[in-house]
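Visitor: Please find one structure pasted underneath; my questions will follow.
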Amino acid sequence: MKHILLGMGLMLTALTVGAEDMGHPPMDMRGMHMTPPLPSFLSMDRNRDGCVASDEYARLESAGRPLPDFDAVDADEDGCITLQEVRQYRRKAREQGPPPA
């Protein structure tokens, strides 16, 4: 029984870590989104130049997707969201936890 529980815990950890890399938003223990979800970086970077420009981001917003403010993700304010900035945004959102109710 002990080995089964340990195995299930490891599987849950692997699924949680993998979800962030696949573009899924962080969730709290109830399965509720903590922040507006960001699509995967590859789906945002339409021209595959390693940079999500404001026009690429706006295209996603105009499609009706609830997204965080572009400037909140663009940490260095250069008008380009990189994969590193997406990961940094997700890490910070996870650390801050869900917004107050």
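Visitor: Taking the range 46-80 on its own, how many of its residues are under 14 Å from the mean Cα position of the chain (by Cα) and more than 18 Å from Arg90 (Cβ to Cβ)?
Guide: Summing the residues that are under 14 Å from the mean Cα position of the chain (by Cα) and more than 18 Å from Arg90 (Cβ to Cβ) in the range 46-80 gives 0.
Visitor: Residues in the range 65-99 that are hydroxyl-bearing (Ser, Thr, Tyr) and in a loop (DSSP other than H, G, I, E, B): how many?
Guide: Residues meeting the conditions: 1.
We did not get these values from a lab; they are worked out from the coordinates using the rules stated. Quantities reported herein were computed from a predicted structural model and do not represent experimental measurements. Cβ coordinates were reconstructed from backbone atoms using ideal geometry, including for glycine residues, and neighbour counts include every protein chain displayed.
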